Ligand SMILES: [Zn+2]
């Protein structure tokens, strides 16, 4: 099923297996949160996926599927947020080091002649 410019079939399984990269994941989540048809599609795939996983469990316990799915989506959103923050922080640290090195270079180049 294609919806908007996303091919949902190609995304749902990788989503359930945690294989989407950050940008794909974000686009996917934004889409399913606004598109009831795709959300429904995801719910169906999720129940199948979860059901298969349960077969491997020694003692299958009853689960609230809707809650599990929501938890999975929230977890994915939190992961994206955390990685974005980390990326921003890394960028800031790199620039801070460059600024310190540049200041030190200026000091050594011009400071001595003063
Ligand atoms: Zn859709």
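The values are calculated or read from the model by the stated rules, or taken from the named source; none is laboratory data. What you see is a predicted model, and the numbers here were worked out from it, not measured in a lab. Because the Cβ atoms are built from the backbone with ideal geometry, glycine has one as well, and the counts that use them run over all protein chains shown.
Structure notes:
- Scanning region 48-78 for residues that are in a helix (DSSP H, G or I) and in contact with a helix residue (DSSP H, G or I) (Cβ under 8 Å, 6 or more places away or on another chain) yields 49, 50, 65, 66, 68, 69, 72, 73, 76, 77.
- Selection count, region 34-46, where residues are more than 10 Å from the ligand (Cβ to nearest atom) and touching a residue at least 24 places away in the same chain (Cβ under 8 Å): 3
- Contact map, region 14-32: residues that are touching a residue at least 12 places away in the same chain (Cβ under 8 Å) paired with residues that are in a loop (DSSP other than H, G, I, E, B) and more than 15 Å from the ligand (Cβ to nearest atom), Cβ distance under 8 Å, separation 6+ or inter-chain. Pairs shown: 28/20.
- Any hit, region 92-100, residues being surrounded by 12 or more Cβ atoms within 10 Å (Cβ to Cβ) and either within 16 Å of the ligand (Cβ to nearest atom) or at pLDDT below 95 (or both): no
- Some residue of region 37-49 being more than 18 Å from residue 80 (Cβ to Cβ), in contact with a strand residue (DSSP E or B) (Cβ under 9 Å, 6 or more places away or on another chain) and surrounded by fewer than 17 Cβ atoms within 10 Å (Cβ to Cβ): yes
- Residues in region 79-114 that are under 16 Å from residue 26 (Cα atoms) and either touching a helix residue (DSSP H, G or I) at 6+ places or on another chain (Cβ under 7 Å) or not in a helix (DSSP H, G or I) (or both): 80, 83.
- Candidates are the residues of region 4-21 that are surrounded by fewer than 15 Cβ atoms within 10 Å (Cβ to Cβ) and more than 15 Å from residue 72 (Cα to Cα); the one that is farthest from the ligand (Cβ to nearest atom) is 21.
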